[in-house]
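Step one of this worksheet: look at the structure below.
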Amino acid sequence: MSSAASEMFALSEEHQAIREAVRAVAEAKIAPFAAEVDEEARFPSEANEALTAADFHAPHVPEEYGGAGADALATVLVIEEVARVCVSSSLIPAVNKLGSLPVQIGGNEEIKAKYLGKLAAGEGGFSYCLSEPDAGSDAANQKTRAVREGDGWVLNGVKRWITNAGESEYYTVLAQTDPEKRSKGITAFVVERSDEGVSFGAPEKKLGIKGSPTREVYLDDVRIPEDRIIGDVGEGFSIAMRTLDHTRVTIAAQAVGVAQGALDYALGYVQERKQFGKPVAEFQGLQFLIADMGMKIEAARQLTYAAAGRSERGDKDLTFFGAAAKAFASDVAMQVTTDAVQLLGGYGFTRDYPVERMMRDAKITQIYEGTNQVQRIVAARQLLSGIQSTL
């Protein structure tokens, strides 16, 4: 067998080394605090420090801006391995990519050098402000306004469901600059936490990912200089949608990670737990359940990695693969984490064991960055357009 054939659908040595390095950091410095972070609903500062020290906090930032220069698959591996032990902590690299990718794909060299450089240097996280009280799945329905004034812009509005709001230093904010044009009248700006007029609501009381603060962001006469526009005036919505094509793959990675974490824990448990004089792992009914969990996770992982490859290359069918990976992997995560609770029986239903936290955390992957219903619309539209995979 040729070496090329033997390497088909296998991680490169470099990617495997990245997985091992991230897993070591996650198990040593993130996992020990995961239950406490969830219980206290506090930002995982230990994880943030550990990820920043290892340069895993924003691995996607290109080397020319001081970043690690990780490709899309390497970034997926970082997020997957962190989510395996703590989904809240995995939102640090995931949201840093979501928030800063508009700058990376749409910004000029000056804005990229400034803000990607700050992110890579660990000077603050980067959040993404698209959703509003009346703009969820209908993302084009932006009410936040940006009005030109002098040599800059003045922003007013409310953003809702903003991940890591209040913790991040930088925010990509979408605002209407020409409401009559609807989506073509939306412009993207970089807003800094320290800008006068920026404030935050109370943290949402959530079912899961309690360690990742979700707040409203209030913009009250926030003055932004002209050089903080990402791309051109009116390009914001297009940049935002192109961003999501790429970052939906990171949500799929989160889903794969939490599903794998739940299966790993359940496998250990069923081999130790005895009933009727033998480990419950020996009962065929549970073996069938375990087999299905493993098969679904691996199918989700392969689809996610395939989507990451398309993200890196910018393939025409990325829109389908990003949506498909996100929807499929998150549905798998919800099923697998629920099954893990079932395998632990009554113990699985208690907070003394991690699988109930994993089940609660998994749910959000079916909702954010586009609900799975919207993902199916996105995937179907690209299939109907005639753009399909050419493996």
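The values are calculated or read from the model by the stated rules, or taken from the named source; none is laboratory data. If you're wondering where the values come from, they're calculated on a predicted model, not measured in any experiment. As a convention, Cβ positions derive from the backbone with ideal geometry for all residues, glycine included, and neighbour counts pool all protein chains shown.
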Practice task
Of the conditions (1) within 29 Å of residue 42 (Cα to Cα); (2) not assigned by TED's automatic domain parsing to the domain that holds residue 200, residue 130 clears all except one; give me its number.
Solution key: (2)
Exercise for the section: Examine the stretch 58-76 for a residue that is in contact with an Asp or Glu (Cβ under 6 Å, 6 or more places away or on another chain) and acidic (Asp, Glu), and state whether such a residue exists. Expected result: yes
Practice task
Could you tell me whether the stretch 329-338 includes any residue that is in contact with a Phe, Trp or Tyr (Cβ under 8 Å, 6 or more places away or on another chain), touching a residue at least 24 places away in the same chain (Cβ under 8 Å), in the same structural domain as residue 247 (by TED's automatic domain parsing) and among the β-branched types (Val, Ile, Thr)?
Solution key: no
Fill in the blank from the handout: residue 70 vs (1) modelled with pLDDT under 95; (2) small (Gly, Ala, Ser); (3) touching a helix residue (DSSP H, G or I) at 6+ places or on another chain (Cβ under 9 Å): all pass except (1)
Exercise for the section: Please specify each residue of the stretch 142-186 satisfying the condition of being among the polar types (S, T, N, Q), touching an Asp or Glu at 6+ places or on another chain (Cβ under 7 Å) and crowded, with 21+ Cβ neighbours inside 10 Å. Expected result: 142, 144
Exercise for the section: Answer with yes or no whether residue 252 is crowded, with 23+ Cβ neighbours inside 10 Å, among the hydrophobic types (A, V, I, L, M, F, W, C) and in contact with a Lys or Arg (Cβ under 6 Å, 6 or more places away or on another chain). Expected result: yes
Exercise for the section: Report yes if residue 329 is surrounded by 24 or more Cβ atoms within 10 Å (Cβ to Cβ), under 19 Å from the mean Cα position of the chain (by Cα), of a type in the set (Gly, Ala, Ser) and on the phi < 0 side of the Ramachandran plot, otherwise no. Expected result: yes
Problem - Within the stretch 111-133, considering residues that are among the charged types (D, E, K, R) and under 11 Å from residue 190 (Cβ atoms), the one surrounded by the fewest Cβ atoms within 10 Å (Cβ to Cβ) - result: 114
Exercise for the section: Restrict the check to the stretch 83-91 and report whether at least one residue is touching a His at 6+ places or on another chain (Cβ under 9 Å) and either buried (at least 24 other Cβ atoms within 10 Å of the Cβ) or not polar (S, T, N, Q) (or both). Expected result: no
Handout entry: Residues located in the stretch 332-346, provided they are small (Gly, Ala, Ser) and either over 19 Å from the mean Cα position of the chain (by Cα) or surrounded by fewer than 22 Cβ atoms within 10 Å (Cβ to Cβ) (or both)
Key = 340, 345, 346
Fill in the blank from the handout: Every listed condition ((1) surrounded by 13 or more Cβ atoms within 10 Å (Cβ to Cβ); (2) within 20 Å of residue 318 (Cβ to Cβ); (3) over 20 Å from the mean Cα position of the chain (by Cα)) holds for residue 9 save (1)
